[in-house]
1. Going through Tyr174, Tyr180, Tyr168 one at a time, which residue ends up being buried (at least 19 other Cβ atoms within 10 Å of the Cβ), hydroxyl-bearing (Ser, Thr, Tyr) and farther than 25 Å from Glu19 by Cα?
2. Answer yes if at least one residue in the stretch 384-406 is in contact (Cβ under 8 Å) with a residue 60 or more places away in the chain and over 29 Å from the mean Cα position of the chain (by Cα), and no otherwise.
3. Which residues, taken from the stretch 134-146, are assigned to a helix (DSSP H, G or I) and within 10 Å of Cys170 (Cα to Cα)?
4. Could you please give the count of residues in the stretch 357-383 that are within 17 Å of Leu415 (Cα to Cα), free of Cβ contacts under 8 Å to residues at least 24 places away in the same chain and of a type outside the set (Val, Ile, Thr)?
5. Go through (1) over 16 Å from Trp255 (Cα atoms); (2) modelled with pLDDT of 90 or more and name the single condition Ala341 misses.
6. Mind checking whether some residue in the stretch 9-20 is assigned to a helix (DSSP H, G or I), among the charged types (D, E, K, R) and buried (at least 20 other Cβ atoms within 10 Å of the Cβ)?
7. Is at least one residue of the stretch 272-293 among the polar types (S, T, N, Q), part of a helix (DSSP H, G or I) and at pLDDT 95 or above?
8. Whether any residue in the stretch 193-209 is touching a residue at least 40 places away in the same chain (Cβ under 8 Å) and in a loop (DSSP other than H, G, I, E, B) is what I want to check.
Amino acid sequence: MSLYDVLEERGFIEAATHEDELRELFAKEKVTGYIGFDPTADSFHVGSLVPIMALAHMQRQGHRPIALVGGGTGLVGDPSGKTEMRKILTRETVEKNAEGLKAQLSRFLDFSAGAVMENNAEWLCGLNYIEFLRDYGRHFSVNRMVKAESYRARLESEEGLSFIEFNYMCLQAYDFLHLYKHPEYGCKLQMGGADQWGNIVAGVDLVRRDCGGQAYGLTFPLITTASGAKMGKTAQGAVWLDPARTSPYEYYQYWVNTHDDDVARFLALFTFLPMEEVRAVKRLSGADLNAAKAVLAYETTAQAHGEKEARAAWDAAGRMFGARALPDGLLASSKIPRVGAEGEDQAVPATELKRADIPGELVSVLDLCVISGIFPSKSEARRKIGQGGLYLDGERVASSDEKIPVESLSGKGRLFRSGKKHHHRVVVN
């Protein structure tokens with residue numbers, strides 16, 4: 001199978017500029033392709049996994065992926081998908097964020113075996129404005145630009161479209177031209193989310209107009225859950241790949257709570273398991289489908305955080321909710337453990353407090369929840385307790401006035417649960 005066939009089979013492709021030619025290109029030569037990443041944070045979140053996985057598939061199929069950090073375009077701000085102007089970043093912030101992004105990308109891409117990471121600040125920040133307008137600006141039609149979805153939506157918004165943002169399409173198109181023309185890259189393909197279609201087509205067109213070259217574009221669909229929610233968004237906020245923001249255990253729990261209708265689709269998109277095994281999941285239900293969710297959670301956690309963290313999260317979840325019994329042959333290529341394991345709940349988020357900081361022999365559950373970060377405030381803790389949504393070692397906390405012995409928090413501590421999914425161990429030593 002060519003890379004195009006792989007991406008199409010697994011659900012990555014929304015649109016392509018030259019579908020037949022692109023299929024043929026992947027089949028006959030080693031292709032260099034790139035995806036741009038906005039350096040607005042030093043960590044990716046789950047919503048960025050589709051483009052990251054696409055680059056990983058590209059490398060696995062023998063092609064060369066380029067992850068392009070928008071250090072230059074980040075100083076301008078992409079209006080795509082935004083109803084207001086993005087915050088303009090400093091170069092120092094962009095460089096710091098880029099380091100964090102590369103560390104996470106290295107979990108998916110092998111930079112020692114052909115994968116490349118570049119920062120477009122290297123060529124954009126030194127451009128002469130007059131020369132850029134004369135040499136490249138003449139190739140852009142304002143009439144065509146304002147028809148692009150990313151611009152049209154902003155033009156119709158209350159804030160409107162700023163002139164600096166209007167330049168974004170030109171700069172992204174120039175990125176493609178730069179990577180195409182320079183022989184050390186020889187890049188013929190740009191990929192991105194569906195909201196980048198206008199920008200990608202502008203780059204393909206600029207390559208043709210400037211040097212008569214043939215470049216290609218491919219976009220991914222916007223991934224939403226079966227409920228219609230945006231991928232990676234929860235009531236608690238974004239699900240990050242940074243373990244300091246979203247612990248490996250919480251990351252695992254996000255995936256294991258996938259809606260039934262999404263399991264097979266997410267296995268295709270977010271794991272490398274063979275499609276013949278993934279397709280079989282569509283026929284499952286009940287306990288077998290729940291076991292498939294455990295495989296999804298294990299594989300995605302192992303990819304983002306490593307096998308050790310994935311195993312720890314799987315073990316901890318098994319002790320709390322019961323180990324998932326995996327039917328023989330289910331997703332057999334997965335490295336998920338096929339039996340339960342014993343040990344400490346090291347993957348469950350925990351807070352360790354000092355005994356000297358807690359006066360007296362008793363401590364109120366209310367204070368403990370705020371001090372340990374289970375709830376942001378006492379009012380939020382009272383509300384949750386009043387709704388019957390807080391549990392201590394499996395028992396519902398009946399009153400916000402409840403107190404417990406400080407001594408009971410020593411050793412392994414005690415386990416709090418907020419709602420059905422969020423666990424937190426509190427230890428006092």
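The values are calculated or read from the model by the stated rules, or taken from the named source; none is laboratory data. Since we're looking at a predicted model, the values are computed, not measured. Cβ placement follows ideal geometry from the backbone for every residue including glycine, while neighbour counts extend to all protein chains displayed.
1. Selected residue: Tyr168, the only one of Tyr174, Tyr180, Tyr168 that is buried (at least 19 other Cβ atoms within 10 Å of the Cβ), hydroxyl-bearing (Ser, Thr, Tyr) and farther than 25 Å from Glu19 by Cα.
2. First, the residues of the stretch 384-406 that are in contact (Cβ under 8 Å) with a residue 60 or more places away in the chain: none.
Among the residues of the stretch 384-406, not one is in contact (Cβ under 8 Å) with a residue 60 or more places away in the chain and over 29 Å from the mean Cα position of the chain (by Cα), which makes the answer no.
3. Hits for the stretch 134-146 are Gly137, His139, Met145.
4. Residues in the stretch 357-383 being within 17 Å of Leu415 (Cα to Cα), free of Cβ contacts under 8 Å to residues at least 24 places away in the same chain and of a type outside the set (Val, Ile, Thr): 2 in total.
5. Failing condition for Ala341: (2).
6. Looking through the stretch 9-20, at least one residue is assigned to a helix (DSSP H, G or I), among the charged types (D, E, K, R) and buried (at least 20 other Cβ atoms within 10 Å of the Cβ).
7. Checked the stretch 272-293: no residue is among the polar types (S, T, N, Q), part of a helix (DSSP H, G or I) and at pLDDT 95 or above.
8. no
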